[in-house]
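Below is one structure, written out as structure tokens; the observations come after it.
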Amino acid sequence: MAGLPPGDPQLVSMIVSHLKTQGLFDQFRRDCLADVDTKPAYLNLKQRVDNFVSNHLSNHTWSPHLNKNQLRNNIRQLVLQSGMLEQGVDRIVAQVVDPKVNHIFRPQVERVVREFLSPGSCSEEPPLPLTPAEIKTDSSVPEQRM
């Protein structure tokens, strides 16, 4: 590793693999998923998709011969083409992931990367990041509303 310059794709790949083996990405995903269904952006997107599907289904008459798989795929394509998912996901990321990047994710990633690059040389551990419950909403980041 000492021979690889910073930013070298092989070094980056090794670090990412190490982060994965440490379970960091899984932890981040769990932290975000635990939070997502309480955020306004998610609730708004869910409501928009529900309304879109309900309106589409109201134009169809149910019959035993209705091809439900074809109808489901048609609705899925219409939702994707509408662009509402892309917008909604961007807002969800802004409300769920962005606030955690600097306060939770970055310190943990930096600690693991330091340990990976120079194992055993980190005699003084930096303080552990605060848990989500300990972190108050950062008032400098305005919450996006839909």
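Tabulated results
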| read-out | value |
| --- | --- |
| Of the criteria (1) loosely packed, with under 11 Cβ neighbours inside 10 Å; (2) touching a Ser or Thr at 6+ places or on another chain (Cβ under 9 Å), which one Phe52 fails | (1) |
| Neighbours by Cβ (under 9 Å, 6+ apart or cross-chain): first from segment 48-76, at pLDDT 95 or above; second in a loop (DSSP other than H, G, I, E, B) | Arg48/Met146 |
| Residues located in segment 88-102, provided they are free of Cβ contacts under 8 Å to residues at least 60 places away in the same chain and surrounded by 15 or more Cβ atoms within 10 Å (Cβ to Cβ) | Gly88, Arg91, Ile92, Ala94, Gln95, Pro99 |
| Residue match in segment 11-21 (condition: at pLDDT 95 or above, within 18 Å of the chain's Cα centre (by Cα) and not hydrophobic (A, V, I, L, M, F, W, C)) | no |
| Check on Asp37, open to solvent by 60 Å² or more (accessible area, probe 1.4 Å) and either within 13 Å of Phe105 (Cβ to Cβ) or touching a strand residue (DSSP E or B) at 6+ places or on another chain (Cβ under 6 Å) (or both) | no |
| Selection within segment 31-41 - out of contact with any helix residue (DSSP H, G or I) (no Cβ under 6 Å at 6 or more places or on another chain), assigned to a helix (DSSP H, G or I) and modelled with pLDDT under 95 | Asp31, Leu33, Ala34 |
| Wholly enclosed helices (runs of 4 or more DSSP H) of segment 61-126 bearing at least 2 residues under 17 Å from the mean Cα position of the chain (by Cα) | 84-96, 106-117 |
| Cross-chain or 6+ apart pairs with Cβ under 8 Å, segment 26-45 first and without any contact (Cβ under 8 Å) to a residue 24 or more places away in the chain and more than 10 Å from Arg91 (Cα to Cα), then hydroxyl-bearing (Ser, Thr, Tyr) and open to solvent by 50 Å² or more (accessible area, probe 1.4 Å) | none |
| Segment 17-34: number of residues that are open to solvent by less than 50 Å² (accessible area, probe 1.4 Å), hydrophobic (A, V, I, L, M, F, W, C) and over 13 Å from Ile104 (Cβ atoms) | 1 |
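The values are calculated or read from the model by the stated rules, or taken from the named source; none is laboratory data. Being a predicted model, the structure only gives us computed values, none of them experimental. Cβ atoms come from the backbone with ideal geometry, glycine included; neighbour counts cover every protein chain shown. The area values use the complete protein model at the heavy-atom level, side chains included, leaving out ligands, DNA and RNA. Shrake-Rupley method; radii C 1.70, N 1.55, O 1.52, S 1.80 Å.
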